[in-house]
1. Could you tell me which residue of segment 43-55 is nearest to the chain's Cα centre (by Cα), considering only residues that are surrounded by 13 or more Cβ atoms within 10 Å (Cβ to Cβ) and among the basic types (Lys, Arg)?
2. Residue check: is Leu94 under 21 Å from the mean Cα position of the chain (by Cα), crowded, with 16+ Cβ neighbours inside 10 Å and at pLDDT below 95?
3. Collect the residues in segment 1-42 that are hydroxyl-bearing (Ser, Thr, Tyr) and open to solvent by 20 Å² or more (accessible area, probe 1.4 Å), keeping them in residue-number order.
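The values are calculated or read from the model by the stated rules, or taken from the named source; none is laboratory data. Note that the structure is a prediction, hence the values are computed from the model and not measured. Virtual Cβ from ideal backbone geometry, glycine too; neighbours counted across all protein chains shown. Calculation scope for accessible area: heavy atoms of the full protein, side chains included, ligands and nucleic acids excluded. Shrake-Rupley method; radii C 1.70, N 1.55, O 1.52, S 1.80 Å.
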Amino acid sequence: MSGAGKKVVLAYSGGLDTSTILVWLVEQGYQVITFLANIGQEEDFEAVRAKALKFGSQKMEIPDLRREFVESFIWPGIMGNVMYEDRYLMGTALARPLIIKAMMEFAIRENAHYVTHGATGKGNDQIRFELGAYSLCPTIKVISPWRNA
């Protein structure tokens, strides 16, 4: 697989998986731009940005989505009693559509050819990410590193 100068937006957390994928994409010749949504998590955003740039990202986008997350996802989830097995709120599942929406808007603005993620085959995040991406912009293709590499 060769990126041959194609632009890709990587959903980047700064962790081992996405950092490994970032380096791999750069080695494949992609122009990588990283994306991390601020939905209210405790995070040193500037440290994550510095790490992404150090590993080859051309730039990093970190939009503040906290207000939209609370107003459009958390409150409706609480009102709808969105609980997993009646034990805890499904925060991750609620956050993914907003993150993907913001990331795809960014990818479109950046004229990206691809988007990618660090979701492994262990959970639902690959499906959430990929179907969300294709539903919002089917012309931007998804690279699934843990499945396709």
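1. Among them, the one singled out is Arg49.
2. So Leu94 fits the description; yes.
3. Passing the criteria: Ser2, Ser13, Thr20.
Every residue, every condition in (1) outside any loop (DSSP other than H, G, I, E, B); (2) without any contact (Cβ under 8 Å) to a residue 12 or more places away in the chain; (3) over 17 Å from the mean Cα position of the chain (by Cα), yes or no:
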site: Ser57; (1), (2), (3): no, no, no
site: Arg67; (1), (2), (3): yes, yes, yes
site: Pro76; (1), (2), (3): yes, yes, yes
site: Ala102; (1), (2), (3): yes, no, no
site: Ile127; (1), (2), (3): yes, yes, no
site: Glu130; (1), (2), (3): yes, no, no
site: Ser135; (1), (2), (3): yes, yes, no
site: Pro138; (1), (2), (3): no, yes, no
